[in-house]
Amino acid sequence: MDPLAWLASALGLPRWALRAVAAPLVYPGLLTFMAVALFVIWAERKMAARVQMRVGPLYVSRRLGGALQLLADGIRFAFQEIIVPVGAEKWSFILSPILAFTVASLAFTMVPGGPGVYGFRSSLSLIAAYAILSLVPILVIIMGWASNNKFTYIGAGREALVAVTGEATLLASMLAAAMMYGSMDFVSIVEEQARSHVPGIVANPVAALLFFIAALLVTDRVPFDLVMGEQEIVQGPYTEYTGILYALVMALDYLKLYVLMLMFTHLFLAGWAPFSDPLLGSVWVFAKTLALMLFAVFLRSVYGRMRLDQVASMFWSRLFPLALTAFALSALIHPVYAQP
Amino acid sequence: MASGQALLDVALVASLAAVAAGGVGAVVARKAVHMIAWLVIMSLGVASVLALMGYGYIAVFHVVVYIGTSVTLLAIVVMLVGCSVEPRAWRPGRLLLALMAAAALEAPLLFYALENPVPSTRLGTGVSLGEAARQLLDCWLCTVLMVITVATVLIEALAIARGSPGPAGE
């Protein structure tokens, strides 16, 4: 028997309501994200250590190569005191990280995790998931303002610039892909790729590349980690946070990265195709997403940080026009995916 | 089915309440960031009303363009340039007067809506552009009033933008 149907009947809830709760909370949502974050951050530190000829995390669970270091850190954060600076706007300061994390995880209601594994299926799910993610920068700006600190303020300014710059290219590449498939529904996008046996990354590599680069920018990854900018502005808008709130704001960028890489998997890597079994398909989607995330965090080891003005001019004067080329390419390739 | 309809009505009323509360909040708030938070609530309310009316596509793009980008830009310009409005004294009388003036201006719209009620079963189906244009031409006074409202808001915005610059970054 379908476990979802069984659980729905046991709890006396309609199936759609259970779906809508399970997607953001269990898979592909927060519970899975916690495991992903623990693994990806550990892998990021280990990879950087290997490149720099260090050992990396080691002492917590020495036999596992220090894999439980992040869990130990997380537990420590949970028991640390949350310090609100004297000049801070107390409620904005405390509520905005919680709200930002909640809003970002709502995107999981729209992005499927496998065949038939989704919160809501809508003909606009692609753009709706993006719309939800686009609310997060405002909350980061509020964090930076509420902390009442010069570094957080500069960080908030950078976040706004980065959000507007990155999202223009991200949205353009996403719409180019949607135009290519003739759909904004993740499920039908994956079905189109499965039917034609041509994954989006082969059909429109320009859009895929731009999506990936813009995703690195909006999730604050190296070489575009301007918002955090550790050597310049301490921790950017997150400077004043302590305890569990610090853990939340640190996880926020990884959460966004996870959502965007999940979207990349569906848009350009054919999602769960060729599997149609919910379990196998979900595992396949998860494996692709994890591999993409590992690649994204690996870049930290091999790149330096770009300057703010370099990033802005690169995105607006080179990548954004390239995104318009991606549209043209999509128009040419559209017949491959058009229904016969 | 009836409970679904009632739920839709409740959602619509809640969204309209969010629009009203956001609008008043954005004007009354003292700090730029609070104004922005209210503006976000108002825009989410508008998007939700649009979605409930059946214009899902416009609603989603409303969120992307007006909240995701415009409000972010607005936030940073207002905060970094520091052109905040001088904190005014709290005058409930003035607020009431402004609300009454706005109500008087919009009253013909309300009367027209009451005279030509749209059954709530039509919610969520959307109206074609042609039908929307015919409705607007049917009630030309409504159209004129809408234009006046938008012009008023524009003039008010210009007046606020010309306000004396406050201390940088509040």
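The values are calculated or read from the model by the stated rules, or taken from the named source; none is laboratory data. Note that the structure is a prediction, hence the values are computed from the model and not measured. Every residue, glycine among them, receives a Cβ derived from its backbone with ideal geometry; neighbour counts consider all protein chains shown. We work out accessible area using only protein heavy atoms, side chains counted, and drop any ligands, DNA or RNA first. Shrake-Rupley method; radii C 1.70, N 1.55, O 1.52, S 1.80 Å.
Numbers at a glance
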quantity: Vicinal HN-Hα couplings computed from phi for segment B:52-62 (Karplus, 6.51 cos²θ - 1.76 cosθ + 1.60; Hz; Gly/Pro x); calculated: 5, 6, x, 9, x, 4, 5, 4, 5, 5, 4
quantity: Estimated translational D of chain A in µm²/s (Stokes, Kirkwood radius over Cα pairs; 10 °C; 1.306 mPa s); calculated: 76
quantity: Placed amide H near A:G114: partners under 5 Å, 5+ positions off or other chain; calculated: none
quantity: Most fluctuating residue given options A:L64, A:L257, A:L171, as computed from a GNM of chain A linking Cα atoms under 10 Å; calculated: A:L64
quantity: Distant-in-sequence amide H partners of A:D225 (H built 1.01 Å from N, under 5 Å); calculated: A:M306
quantity: Cα centre as origin, Lys/Arg/Asp/Glu Cβ charges: the protein assembly as shown dipole, Debye; calculated: 1000
quantity: Label-reachable residues, segment A:234-269, where backbone N falls under 16 Å from a point 7 Å from A:F79's Cα toward its Cβ; calculated: A:243-244
quantity: Helix runs (DSSP H) in chain A reaching 18 Å along axis by Cα, Kyte-Doolittle at least 0.0; calculated: A:30-51, A:90-106, A:150-181, A:205-218, A:243-268, A:278-302, A:320-337
quantity: Partner chain coverage, peptide A:137-150 - average Cβ within 10 angstrom; calculated: 4
quantity: Label-to-label distance, nm, for residues given as A:K90 and A:S196 (7 Å Cα→Cβ offset); calculated: 5.8
quantity: Percent carbon-and-sulfur accessible area, chain A, ignoring ligands, DNA and RNA, probe 1.4 Å; calculated: 71
quantity: Extended-chain gain in nm, criterion 0.36 nm per residue less alpha-carbon gap, A:F39 and A:S61; calculated: 6.5 nm
quantity: Once exposed loop trypsin sites (Lys or Arg not before Pro) are cut out (DSSP; at most 15 other Cβ, 10 Å), longest piece of chain A; calculated: A:122-306
quantity: Interface burial for B against A (accessible surface, 1.4 Å probe, total of both chains, Å², rounded to 100); calculated: 1900
quantity: Computed E for B:I148/A:L13 - FRET, C-beta separation, R0 60 angstrom, nearest 0.05; calculated: 0.75
